[in-house]
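Asks: I have a structure I would like to understand better, so I am pasting it below and will then ask my questions one at a time.
Rule-based calculations on the coordinates, nothing more; no lab input. Because the structure is predicted, anything quoted here is derived from the model rather than measured. Please note: Cβ atoms are built from the backbone with ideal geometry, for glycine as well, and neighbour counts cover all protein chains shown.
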Amino acid sequence: MKKGKIVILFSGGVESTALLIHYASKSNIVYPFYVKFGYLWENEELKRAKNVLFYLKKSLKNLRNLATVKIKSPPKRLKRFPSTEKELEIPTRNLLLCSQAAIYGYRKGIFRCATGSLGMYLFPDNKRKHFDKLEELISQGLNKTFTIETPFFGMNKKEIIRLYGNLMPLHLTFSCIKPIRGKPCGKCIKCREREEALSLF
């Protein structure tokens, strides 16, 4: 793996927290980056992400502060309690995430970003070939080679927890689409996936 500076798409969930550890522990200077779309869970998610980062920075000195950007017109609002994979889909999400990471990185002279995507959801934009096309498009726009790294592709959440669970504050991580008074709803598909994976840790 190349070393240097990298922008990490970070939300404070299990995968993106593992992503910070993965890169920071290999001497990369890591710039966590959060994109706000205006969804109802984001305020709580962002607060939890900051708590996770504060915790990790105690031991990983090459983590930088969390940067955020807001997209004013989100592509789609999800149902109240998405219960299926299809209901989780947000069209063009990875395009928006990666392009915003590229813009942020460009201003700092960084031409790499990474996402914690596992490739497990069968969305059209959640395939490695889609990220390859995005790399090419963004590189053309920047007139500079830009890479989108997906080191966890092909893994599942249980494997991520097995590899990185002892290194992260699992109790601070957060994945919920409908938090209730700052707590996970326990009903949405993201809550169920998280609890299932944690039950085996």
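Asks: Count the DSSP beta bridges whose two residues both fall in the chain, then state the antiparallel fraction as a percent rounded to the nearest 5.
Replies: Numbers: 1 of 16 bridges.
Antiparallel: roughly 5 percent of the beta bridges in the chain.
Asks: Right, something else. For the chain, divide the Cα radius of gyration by the Kirkwood radius and give the resulting Rg/Rh value with two decimals.
Replies: Numbers: Rg = 16.0 Å, Rh = 17.1 Å.
Ratio of gyration radius to Kirkwood radius: 0.93.
Asks: Further, regarding this structure: Would you please give the residues with an amide H less than 5 Å from that of Thr147, counting only those at least 5 places away or on a separate chain, with H modeled from the backbone geometry?
Replies: Arg112, Cys113
Asks: Charges only on Cβ, +1 for Lys and Arg, -1 for Asp and Glu: so what's the dipole of segment 5-198 about the Cα centre, in debye to the nearest 20? Walk me through the numbers before you get to the answer.
Replies: Numbers: 36 positive and 16 negative charges, 128 e Å.
So the dipole magnitude of segment 5-198 works out to roughly 620 debye.
Asks: On full extension of the chain, what length is gained from Asn51 through Ser27, given 0.36 nm per residue of separation minus the C-alpha to C-alpha distance? Numbers along the way, then the final one.
Replies: Values: separation 24, 0.36 × 24 = 8.64 nm, distance 2.21 nm.
Length gained between Asn51 and Ser27: 6.4 nm.
Asks: Report the trypsin sites (Lys or Arg not before Pro) located in segment 4-40 that are in a DSSP loop and have at most 14 other Cβ atoms inside 10 Å of their Cβ, or state none. Before the final figure, lay out each step's value.
Replies: Values: sites: Lys5, Lys26, Lys36; in loops: Lys26.
Answer in residue order: Lys26.
Asks: Points 7 angstrom from Cα along the Cβ direction at Lys3 and Cys185: gap in nanometres?
Replies: 4.5
Asks: Something else about it: For His130 and Arg192, what is the calculated FRET efficiency with R₀ set at 22 Å and r taken between the beta-carbons, to the nearest 0.05?
Replies: Values: r = 26 Å, r/R0 = 1.18.
E(calc), rounded to 0.05, equals 0.25.
Asks: Further question: Scan segment 11-43 for chymotrypsin sites (Phe, Trp or Tyr not before Pro) in coil per DSSP, keeping those whose Cβ has at most 15 other Cβ atoms within 10 Å, and list them by number. List each step's numbers first, then the result.
Replies: Numbers: sites: Tyr23, Phe33, Tyr34, Phe37, Tyr39, Trp41; in loops: Phe37, Tyr39, Trp41.
Counting only loop positions with at most 15 other Cβ atoms within 10 Å, the chymotrypsin sites (Phe, Trp or Tyr not before Pro) in segment 11-43 are Tyr39.
Asks: For the chain, what is the calculated [θ] at 222 nm in deg cm²/dmol (nearest 500), taking -39500 (n - 2.57) for each run of four or more DSSP H residues and dividing by its residue count?
Replies: Numbers: 6 runs with 74 residues, N = 201.
So the calculated ellipticity at 222 nm is -11500 deg cm²/dmol.
Asks: Can you tell me how much longer the chain between Ile71 and Thr147 gets when fully stretched, taken as 0.36 nm per residue apart minus their C-alpha distance, in nm with one decimal?
Replies: Numbers: separation 76, 0.36 × 76 = 27.36 nm, distance 2.21 nm.
Using 0.36 nm per residue and subtracting the Cα-Cα distance, I get 25.1 nm.
Asks: For segment 1-67, what does the alpha-carbon gyration tensor say about shape, rounded, prolate or oblate, given a ≥ b ≥ c as the root eigenvalues, a/c under 1.5 as rounded, and a/b over b/c as prolate? Can you show the working numbers first?
Replies: Numbers: a/c = 2.29, a/b = 1.76, b/c = 1.30.
Note, shape of segment 1-67 comes out prolate.
Asks: In addition: Given the pairs Lys26/Lys178; Lys3/Lys178; Lys133/Lys158; Lys58/Lys144; Lys57/Lys108, which span a C-alpha to C-alpha distance of over 32 angstrom in this model? The partial results should precede the final answer.
Replies: Numbers: Lys26/Lys178 35 Å; Lys3/Lys178 37 Å; Lys133/Lys158 29 Å; Lys58/Lys144 34 Å; Lys57/Lys108 20 Å.
In this structure, Lys26/Lys178; Lys3/Lys178; Lys58/Lys144 lie more than 32 Å apart at Cα.
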